[in-house]
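Asks: Dropping a structure here in C-alpha cells format, bear with me for questions.
Values quoted throughout were computed directly from the atomic coordinates according to the rules given, and no laboratory measurement underlies them. The model shown is predicted, which means the values in this text are computed figures rather than measured ones. Positions of Cβ are backbone-derived with ideal geometry, glycine not excepted, and every protein chain shown enters the neighbour counts.
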Amino acid sequence: KNKVVLITGASSGIGEATAMKLAKEGASVVLCARSEDKLNQLKDKIEKDGGKALVVKTDVTKPADFEKAVSQTLKKYGSIDVLINNAGLMPLSFVEKLKTDEWEKMVDVNIKGVLNGVAAVLPTMRKNKSGHIINMSSSAAHNYFPGGAVYCATKVAVKMFSEGLRKELSPQYGINVTSIEPGAVDTSLFEGITDDDIKEKLKGMKEMTKMEAEDIANSIFYALNQPDRVNINDVYLMPTEQG
Ligand code: NJP
C-alpha cells in the first residue's frame, strides 16, 4: 500500500498484470517499456479504476533511459520503494544455428537490463535504507529445455545476481531482493521465437494449461507484502500440467 513501484516490461504479459494488481492494492506504479502507446492505454485503465500511474518510455538496455525513469519517478512521487526488473525476451533456438544477434539481444535485455535497473535505483534505496528489488528469473534457471541454452543461461545469471544482491544489500541497507522463477505463463513471450524447429517442438506445449500472468502478479504481491523482517528469496512456481 502507498508504495512507489517501478515496473519494466509493463506493456504486456506479466508486467502489465503486475502493474494492474499493485495499483489496485494502492501502489503508485511507474510503467516502463518501449511501447509508449500500450503503456498509456494501461495508465488510462489504472486511473479509471482509481489507481495512480506514470508512464516513462524506457529501453532497459539504455542506462540513460533508466536514469530518466528514476528522476521522473522521484519528481512525481518523491521516492522509489520497489523495482521490478521484469522486461525479457525468449527467442529460443538451437546453438548450432548461431543466431548470434538473438543471443546478444537476450544478454542485453535479460541480463544487462536488470543490471541497469539496479544501478539506477540503488543510490535512492541505499540513502533510504529500504527498498525491494524483484528480478524476473525463470524455471529456466533450474531446467534446460530445447533451444534454451542461451535463455536459460541469462536466467541463471539473474537468479545468481539476485542472490549476490541480497547477500550484499539486505543486512547492510535493509533492501530486500526476490527472484521470481515461473514455468510457462500464457503471454506473448513465445511469439518472439523465429526458429521453425523450436516452433514445431513447442506445438505440444500449446495444449498445456499454462499459468496466467495474474498468477505471477499474485506471487510478486505475496513477496512484497511481507513484514520487513521477512525476505522471500525465491519464488519458484510451475503450471500443474508442466510438472
Ligand atoms: O512476456 P511479454 P512476459 N526495454 O512478451 C518488454 C519472464 N518469464 O510477460 O518494450 C524495455 O508479454 C516488452 O515491452 P516493449 C520473461 O523472461 C516469462 O511473459 O514494449 N522493455 C514487454 O512489456 C520476462 O523476463 C515466462 O516491447 C522491453 C515485456 O518485456 C518476463 O517474464 C516464463 C525490452 C515482455 O512481455 C516477462 O515476460 C518465465 C527493452 N529493450 C519467465 N524488451 C513465460 N511467459 O512463460 C522487451 O519463466 N521488453
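Asks: Largest first and to the nearest Å, give the Cα extent of the stretch 18-141 along each principal axis.
Replies: 50, 34, 27
Asks: Hey, fewest Cβ within 10 Å first, where do SER35, SER11, SER93, SER188 land in order?
Replies: Numbers: SER35 14, SER11 25, SER93 22, SER188 9.
Neighbour counts put them in this order, fewest first: SER188, SER35, SER93, SER11.
Asks: Amide H of ARG34 versus every other amide H placed in the peptide plane: which residues, excluding those fewer than 5 positions away on the same chain, fall under 5 Å?
Replies: THR58
Asks: Could you work out the mean projected area of the convex hull around the alpha carbons of the stretch 124-243, in square nanometres to one decimal? If you can, show how the numbers build up before the last one.
Replies: Details: hull surface 32.8 nm².
If I average the Cα hull's projected area over directions, I get 8.2 nm².
Asks: For a 22 Å ceiling on Cα separation, which of these pairs sit above it: LYS62/LYS155; LYS21/LYS48; LYS3/LYS127; LYS105/LYS167? Write out the running numbers ahead of the final one.
Replies: Working: LYS62/LYS155 20 Å; LYS21/LYS48 14 Å; LYS3/LYS127 16 Å; LYS105/LYS167 28 Å.
As for pairs spanning more than 22 Å Cα to Cα, those are LYS105/LYS167.
Asks: May I ask you to list the chymotrypsin sites (Phe, Trp or Tyr not before Pro) in the stretch 55-161 that are in a DSSP loop and have at most 16 other Cβ atoms within 10 Å of their Cβ?
Replies: On the way: sites: PHE66, TYR77, PHE94, TRP103, TYR144, TYR151, PHE161; in loops: PHE94, TYR144.
Here the chymotrypsin sites (Phe, Trp or Tyr not before Pro) that fit, given the DSSP loop and packing criteria, are PHE94, TYR144.
Asks: State log₁₀ I(q)/I(0) for the chain at q = 0.16 Å⁻¹ as given by the Debye formula over alpha-carbon point scatterers of equal weight, solvent excluded.
Replies: Results for the chain at q = 0.16 Å⁻¹ read -1.15.
Asks: Now for a separate question. Under a 5 Å amide H to amide H cut-off, with H placed in plane at 1.01 Å, what residues pair with LEU237 once short-range neighbours are removed?
Replies: GLU181, GLY183
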